Structure formats: C-alpha cells, structure tokens
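The values are calculated or read from the model by the stated rules, or taken from the named source; none is laboratory data. A quick note: this is a predicted structure, and the numbers were derived from the prediction, not measured. Cβ coordinates were reconstructed from backbone atoms using ideal geometry, including for glycine residues, and neighbour counts include every protein chain displayed. Just so you know, the surface numbers come from the protein's heavy atoms only, side chains and all, with ligands and any DNA or RNA stripped out. Shrake-Rupley method; radii C 1.70, N 1.55, O 1.52, S 1.80 Å.
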Amino acid sequence: MTILSVRTRLAETAVPAGLRVGVLALQGDFREHAHVLHELGAHVDPIRRPEELDRIDGLVIPGGESSVMDKLARTFGLAEPLKAAIRGGLPVYGTCAGLIMLADTIIDGMNGQQSLGGLDIVVRRNAFGSQTASFETDLDIPVLGQQPVHAVFIRAPVVETIGVRATALATLNDGRCVAVEQGNLLGTSFHPEITGEYRFHQYFLQKVFSAAQ
C-alpha cells in the first residue's frame, strides 16, 4: 500500500480537527516513529513530561532499552500519569521495548524493572538473545491485508502468554506470538518503523481516530 493510498484512507475517516499523536521521547528510536506518523499525516508531539500527555489523542512507545525507559519514566514523573492514561483508554502502540512497557508481566526483567501494564500478556525480555542474534523474517498478519509484513527483530521480546483480554495478531513459524492487540492497545516485538512498513502505524492511527470521535 502506498503512502498516498494510506493518506487517502485516513482522509476518508472523520478525523477530528487538531488530532495529535505523541511519541514517548525519553530514549530509543522515537525519531523514526515520529517520521512515519508525520508521513501518514498525523500531528506529532515528543512526550517527555506529564503535562504533555494532556494534549495528545494517542501515544507510541518506541523501541530501545525497556529498563532505561522505565527508570526515566519514573524519574520524570511520567510513569503514573501514563498508567492512568492507559487505564482511561488512551490508544497506545508499543514496539519492542514499548511492548515490554505495555505488558502486565515481564519475565527476565532487570532487577526492580516495572512496566506500565495494560496488555493482558506475559512478555519475555530479550527472548532471542543478544544484538548479534537479530534477524529478519516475513509475517502473515491478516488484519493488515494479504501482503506479508517484513519484520526486523533486534534484541526483541516475545509474548509468552496471552491472557483472555488480548488477541494475537502475528506468530513466528514456531508459534511464538510477536504482535498483539487489546482494545486501544497494540504491541509488536519487531520494528516496522525502520523498514518502511507503514501498515502497523496506519492500523494504530485508525484506533486513535476512532477513539477521538
């Protein structure tokens, strides 16, 4: 799907005036996410302080180092407001570290590591090993159409257990879940923001637009 056709589909949705999407900009590849969202026609705000949450209609939590992101979120007083926003229905999309941040339970987390929660899943941090074990593969993801998604896994987590409130969107050949959604929440183990794959962000923006209407 071309960027033009994506924008056309978004334009056909009744998008509220002034709709804004934030990208948590404490650590990680937040610039890459901001670029994709901007290309899709969204107004994008970097989010570093609690008061900045009041002006956004959706949030992306990028890839990076989840334990560092957790510490910074607590240091800047963002963790509790983020948890409250998620409970309140704010649409949030997390990639890699962002998926870990959204999980209700983390396996193999750093000592004292916390998550924001919201996704009824158990996630295993660094499930595929070190940076040198990074890999790429194509995934069938029916909600995004027939064309496979080329996915890049970099020190990626995996969803070990899916609770009754969450739904798997994609699995590897061995059955391990690497993409999940639950209401307004969306998470992927991989990084569509670095491969030119815009469909996940489009899918997320549709959730944002629907929630804002």
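Applying 1/(1 + (r/R0)^6) with R0 = 41 Å to the Cβ-Cβ distance of ASP108 and HIS43, what FRET efficiency is obtained, to the nearest 0.05?
With a Förster radius of 41 Å, E is 0.65.
Can you give the log10 of the normalised intensity I(q)/I(0) at q = 0.18, 0.19, 0.21 Å⁻¹, computed with Debye over equal Cα scatterers of region 37-138?
Results for region 37-138 at q = 0.18, 0.19, 0.21 Å⁻¹ read -0.90, -0.99, -1.16.
Rounded to a whole number, what is D in µm²/s for the chain from Stokes-Einstein with the Kirkwood radius over alpha-carbon pairs (20 °C, 1.002 mPa s)?
Answer from the Stokes-Einstein relation: 126 µm²/s.
Provide the net charge surrounding GLY163, with neighbours chosen by a C-beta distance below 13 Å and charges set as Lys +1, Arg +1, Asp -1, Glu -1.
-3
Once you have the Cα-Cα distance between THR137 and ASP54, take 0.36 nm times their residue separation minus that, and quote the gain in nm to one decimal.
26.1 nm
Summarise the accessible area of the chain (1.4 Å probe, protein heavy atoms) by the percent that is carbon and sulfur.
Summing carbon and sulfur atoms, their accessible area is 49 percent of the total for the chain.
At 10 °C and a viscosity of 1.306 mPa s, what translational diffusion coefficient does Stokes-Einstein give for region 69-190, taking Rh as the Kirkwood radius over Cα pairs? Give it in µm²/s as a whole number.
Once the numbers are plugged in, D ends up at 108 µm²/s.
State the antiparallel share, in %, of DSSP beta bridges confined to region 51-161, rounding to the nearest 5.
Here the antiparallel bridges make up roughly 55 percent for region 51-161.
Karplus couplings for region 178-192 from phi (6.51 cos²θ - 1.76 cosθ + 1.60, θ = phi - 60°), rounded to Hz, Gly and Pro as x?
10, 8, 8, 9, 7, x, 7, 9, 9, x, 10, 6, 9, 10, x
How long are the three semi-axes of the equivalent ellipsoid of region 134-207, in whole Å, if each is the root of 5 times an eigenvalue of the C-alpha gyration tensor, listed from largest down?
Those come to 17, 16, 11 Å.
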